[in-house]
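Peer 1: One structure is given below, represented as structure tokens, and several questions about it will come after.
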Amino acid sequence: MTNPTAVDTAPASASASASASRLKIGISACFMYPDPQRRSYAPKTLQYLEQSVPHWLMGGGAMPVMVPSGVGEIGPADYAEWLDGLVLHGGADLWPGSYGESPLQPEWSGDRLRDEYEIALVHAFAAAGKPVFGICRGLQLVNVAYGGTLYQDLPTQRPGPAPHRNHETFDIHYHHVVMEDNSWLSAMYTDADSYKINSIHHQGIKDLAPGFRVQARCLEDGNIEAIRRDGASYVVAVQWHPEFHTPEQGVIDDTPLLQDFLRAARARRSA
Ligand code: MN
């Protein structure tokens with residue numbers, strides 16, 4: 001028999017010092033609103049993560065935490081001060097009012113509360129000089145947070161040869177992207193003319209926000225698929241879901257993207 005106390009003590013202290021040095025990355029929450037049809041928590045709002053996002057960050061050695069919406073004295077600036085970076089989770093459409101439009105169809109009304117919560121988070125982290133990485137909805141949110149606009153419905157407003165979403169196949173629906181010439185992303189990806197990525201989005205960028213540069217476009221229809229902000233604070237976003245990609249799919253290797261984001265977070269911590 002081993003002594004449980006002795007066994008438990010050594011790893012706990014080793015692991016405590018390892019965790020102190022790990023980057024702490026906030027992830028914005030998805031909101032599920034009260035729904036009388038739901039069997040649990042029907043009258044309540046749930047804030048949640050899909051597990052692939054935190055697992056993707058853990059794969060890079062970071063410690064992810066979900067950032068809940070603020071209440072009372074505690075809000076985005078506190079999380080921006082405490083954490084080393086922010087990842088914007090994918091999910092619901094944006095509310096068209098967030099970029100000065102009215103919903104063209106009731107079902108394209110999006111999630112206004114989540115927009116407000118995430119826009120405040122983006123500005124708080126950028127103001128603190130902490131890196132921001134947007135995934136899918138996160139790309140659209142970043143674009144809107146800095147004054148860009150969206151197509152409310154790509155299939156009707158920007159029809160093309162490459163559907164950007166397929167409800168049946170979900171995260172194994174793909175198209176290709178081409179990195180924009182002389183961009184930050186083209187310097188990172190030099191071994192192919194185009195890269196296969198998953199595509200699970202309903203909306204897309206119409207007008208790019210001032211101060212941003214396109215990094216990648218859809219090969220088939222030119223839709224903007226990755227953006228980066230010029231200037232001091234690190235704000236990057238991709239329209240695809242790197243957290244769902246697996247090597248067996250023959251897709252782009254997202255490791256350089258993750259490493260670049262975490263390197264920027266590490267540099268900010270050491271500054
Ligand atoms: Mn796409």
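Bear in mind that the values in this text are calculations on the coordinates, not laboratory data. Since the model is a prediction, treat every value here as computed from it, not as a measurement. FYI the Cβ positions are ideal-geometry reconstructions off the backbone, even for glycines, and counts take in every protein chain you see.
Peer 1: Is one or more of the residues making up the stretch 252-267 part of a strand (DSSP E or B) and hydrophobic (A, V, I, L, M, F, W, C)? Spell out how you get there, then give the answer.
Peer 2: Step one: list which residues in the stretch 252-267 are part of a strand (DSSP E or B), which gives none.
Looking for residues that are part of a strand (DSSP E or B) and hydrophobic (A, V, I, L, M, F, W, C), one finds none in the stretch 252-267, hence no.
Peer 1: Another question, if that's okay. Out of curiosity, is R263 under 30 Å from S19 (Cβ atoms), free of Cβ contacts under 8 Å to residues at least 40 places away in the same chain and either more than 15 Å from the ligand (Cβ to nearest atom) or touching a Lys or Arg at 6+ places or on another chain (Cβ under 6 Å) (or both)?
Peer 2: Numbers: under 30 Å from S19 (Cβ atoms): yes; free of Cβ contacts under 8 Å to residues at least 40 places away in the same chain: yes; either more than 15 Å from the ligand (Cβ to nearest atom) or touching a Lys or Arg at 6+ places or on another chain (Cβ under 6 Å) (or both): yes.
Yes, satisfied.
Peer 1: Looking at (1) assigned to a loop (DSSP other than H, G, I, E, B); (2) at negative phi; (3) within 16 Å of the ligand (Cβ to nearest atom), can you tell me which one D207 breaks?
Peer 2: Result: D207 passes all but (3).
Peer 1: Which residue, of L208, L139, L185, L219, is in contact with a Ser or Thr (Cβ under 6 Å, 6 or more places away or on another chain) and either farther than 20 Å from T255 by Cβ or buried (at least 19 other Cβ atoms within 10 Å of the Cβ) (or both)? Steps first, answer last, please.
Peer 2: Details: L208 fails: in contact with a Ser or Thr (Cβ under 6 Å, 6 or more places away or on another chain); L139 fails: in contact with a Ser or Thr (Cβ under 6 Å, 6 or more places away or on another chain); L185 fails: in contact with a Ser or Thr (Cβ under 6 Å, 6 or more places away or on another chain).
So the residue among L208, L139, L185, L219 that is in contact with a Ser or Thr (Cβ under 6 Å, 6 or more places away or on another chain) and either farther than 20 Å from T255 by Cβ or buried (at least 19 other Cβ atoms within 10 Å of the Cβ) (or both) is L219.
Peer 1: Then there's this: Go through the stretch 223-234 and report how many residues are touching a residue at least 40 places away in the same chain (Cβ under 8 Å), outside any strand (DSSP E or B) and either more than 10 Å from the ligand (Cβ to nearest atom) or under 14 Å from V122 (Cβ atoms) (or both).
Peer 2: Residues in the stretch 223-234 being touching a residue at least 40 places away in the same chain (Cβ under 8 Å), outside any strand (DSSP E or B) and either more than 10 Å from the ligand (Cβ to nearest atom) or under 14 Å from V122 (Cβ atoms) (or both): 3 in total.
Peer 1: Could you look through the stretch 226-257, keep only residues that are farther than 21 Å from L49 by Cα and of a type in the set (D, E, K, R), and pick out the one that is surrounded by the fewest Cβ atoms within 10 Å (Cβ to Cβ)?
Peer 2: By that ranking, first place goes to E248.
Peer 1: Just for the stretch 118-163: of the residues that are within 16 Å of the ligand (Cβ to nearest atom), in contact (Cβ under 8 Å) with a residue 60 or more places away in the chain and part of a loop (DSSP other than H, G, I, E, B), which one is nearest to V238 (Cα to Cα)?
Peer 2: C136
Peer 1: Scan the stretch 235-249 and give yes if some residue there is within 11 Å of the ligand (Cβ to nearest atom) and without any contact (Cβ under 8 Å) to a residue 60 or more places away in the chain, otherwise no.
Peer 2: no
Peer 1: Restricting to the stretch 169-179, name every residue that is in a loop (DSSP other than H, G, I, E, B) and of a type in the set (D, E).
Peer 2: Selection gives nothing.
Peer 1: Is it true that some residue in the stretch 30-37 is out of contact with any helix residue (DSSP H, G or I) (no Cβ under 9 Å at 6 or more places or on another chain), exposed (fewer than 13 other Cβ atoms within 10 Å of the Cβ) and either part of a strand (DSSP E or B) or on the phi > 0 side of the Ramachandran plot (or both)?
Peer 2: No, the stretch 30-37 contains no residue that is out of contact with any helix residue (DSSP H, G or I) (no Cβ under 9 Å at 6 or more places or on another chain), exposed (fewer than 13 other Cβ atoms within 10 Å of the Cβ) and either part of a strand (DSSP E or B) or on the phi > 0 side of the Ramachandran plot (or both).
Peer 1: Of the residues N166, N182, which is assigned to a loop (DSSP other than H, G, I, E, B) and within 12 Å of the ligand (Cβ to nearest atom)?
Peer 2: Working: N182 fails: within 12 Å of the ligand (Cβ to nearest atom).
Of the residues listed, the single one that is assigned to a loop (DSSP other than H, G, I, E, B) and within 12 Å of the ligand (Cβ to nearest atom) is N166.
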